[in-house]
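Everything on this sheet refers to the single structure shown next.
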Amino acid sequence: MKQLLVLLGLLVLSTEAWNPKTRYFYWNVARDVQVIEGRTLIVNTINGRIKGPAIFAKQGDFLSVKITNNLPDAGLSIHWHGMEMRDYQLYDGPVGLVQCSLAPGESMTYKFKVQEHPGTYWYHTHAEMFPSGHDMVRGPIVVLPKDGPVYPSHLIDNYDYTHLNERVLFYQDFYPNYIAHDYLMGLGDLRELGGFNAEGGIALTAPWSGGCLNGGEEKGFMQFENGEYRFRLANGGSTTPMLWSIDGYRFKVVAADGTDVEPYEVDQIQIHLGERYDVLVNFNVDSPQNVWMRGAATAVTNPAAVILTTLQLRPDNSFEYVEGAATSSPNPDPVLMNCNYFGEQEKCVSVTALKSKADEFKTRPLLEDTELHTADFFFSLPPVYGYFFSLDGGTYTQNALPHHPIAYPDFDNEKDMNPHTNVLNLALDKTVTIVLRNGAGIAHPIHLHGHKFEVLEEISRAKPNCFGGQCALPDLETGFSAPISELAKRESRGVLKDVIIVPMFGAAVVRFNTDNPGVWFAHCHFDEHVDSGQGFVMNEGNWKADKVPADFPSCDYTGRLQHMTSELCTCDPEELDPTWLCSKDYMCQWTRRRSFGH
């Protein structure tokens, strides 16, 4: 108590000068039953709250986050999304790459330096999906300039999502209980959402189990007086992209995935899983009024799948706020940013229209040595549901990760490597271009660990008369604005991101320098999809750690979440190409049925 009073005294005397080098957090992850947005749900939380603790840090600060796993049946790890983790590769989080899963009852501490550009980032789990309960172990990270003020509240109250005129708006969805999913998969391969609609396209049928803004603690209302506000928007959900807007207002997009961009004014923005956008909104009302702020889910069939928040607006504090919910209507014919729908919306603006500011590229020069790679993916619907990546034209593989982390110094490639781990080997000190091509009938948000990348091009195409691996992928010579070999050498720079939406049956071209040696994961950010094999490993510079921190979890935990997969096989020749590699027990049931003569 005495130390706390001294700390508060120092903050009152000199807020701006008080700049700690290390910021400590202590998180207890456990399972609970809570009522959220009127629903009673089983949830996995940090310190008993749906709203994840916010991390506000300055450039150059160090973070020390001690995690204690008090879940009864699940392993755990944390990924710091958007943080490039230079020189701190082992703390990146993915199980099987840089650590083993933190077993129930164990603790570990993530320690790393904040080196990122000021912007909006976030954290979330990175083992397989929890076997029970909704994953609420996620929250925002805001990196502030090293020479700027930090309000005392952020050093005391980790649940304060405000800073000056800024508000963090952290959206989550409630994905269905995974025990039920596993049970259905075991009965008859019925786990995944999806099916064909009458037109032959894919209609998603994920039930809308609900969602919340800032852990539901805003209670559906936020209050603002006239002025300009910066909203830090983050989609921290599991399964639903979102269209965000405020009735009657346009806004300026000023940052994407933690990177400043030249302001771009629109009415609406799509925020896919893992993406963050900072926007400026100017409220200027003559009298108090209420309007809807909308976060509408787009990957479900339920039209009521929207998180609504009433914004109570007033000119200044001499006026009273209007009570009650808003009754406003959406903007007609909106201009939509981050849009990739082929021919479905006239005012559809690709994310490539955003321009990162020039100073963002000072440490990211184009290099003379270059490499060009392709990463093609597709999925198969039930009864053989899975995701597959083909790297540089190789075998389509449902990715599975090894039990022993690849980055550990004692990792033996011949003995420890999982034969179904999809690995892209990258040499250091090159400018690498990767063409991500989508053979699937929905758009996918692809995230690369360890890097921000330039988006050189994003293309959408009309629905082909095909499905999955039978679809013709965009041609590298004729399917883009220029042959890929030329596009890769383009001198004009693209917007910097760490998540890119690859449109259905379309493609995205990304570029980055291999200047961050490590074992980095690349994957779709739908939780269900990465769990079902939609990912690959970027082995950059064949990096290995010198040693493993003493408090890292042991690798003898035998729970489901440690093994990452339970069975390997070639895929069912009656359902898929028999040369493809399947990596889940439900995908390999055919081998057991055949062996018993069924």
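The values are calculated or read from the model by the stated rules, or taken from the named source; none is laboratory data. Note that the structure is a prediction, hence the values are computed from the model and not measured. Using ideal geometry, Cβ is built from the backbone for each residue, glycine included, and neighbour counts are taken over all protein chains shown. What goes into the accessible areas is simple: the full protein's heavy atoms, side chains included, and nothing from ligands, DNA or RNA. Shrake-Rupley method; radii C 1.70, N 1.55, O 1.52, S 1.80 Å.
Key figures
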| item | result |
| --- | --- |
| Failed item in (1) at pLDDT 95 or above; (2) surrounded by 21 or more Cβ atoms within 10 Å (Cβ to Cβ), with Ala427 passing the rest | (2) |
| Members of segment 399-419 that are among the acidic types (Asp, Glu) and under 25 Å from the mean Cα position of the chain (by Cα) | none |
| Counted residues, segment 309-346 - those being farther than 15 Å from Asn284 by Cα and touching a residue at least 40 places away in the same chain (Cβ under 8 Å) | 18 |
| Hits in segment 583-598 - residues which are at pLDDT 80 or above and more than 20 Å from His420 (Cβ to Cβ) | none |
| Residue tally, condition open to solvent by 10 Å² or more (accessible area, probe 1.4 Å) and part of a loop (DSSP other than H, G, I, E, B), over segment 75-102 | 4 |
| Test set (1) in contact with a helix residue (DSSP H, G or I) (Cβ under 6 Å, 6 or more places away or on another chain); (2) part of a strand (DSSP E or B) - Pro131 fails condition number | (2) |
| Test: residue in segment 268-275 that is surrounded by fewer than 21 Cβ atoms within 10 Å (Cβ to Cβ) and either charged (D, E, K, R) or without any contact (Cβ under 8 Å) to a residue 60 or more places away in the chain (or both) | no |
| Segment 159-180 - residue that is over 22 Å from Glu37 (Cβ atoms) and surrounded by 15 or more Cβ atoms within 10 Å (Cβ to Cβ) and, of those, modelled with the lowest pLDDT | His163 |
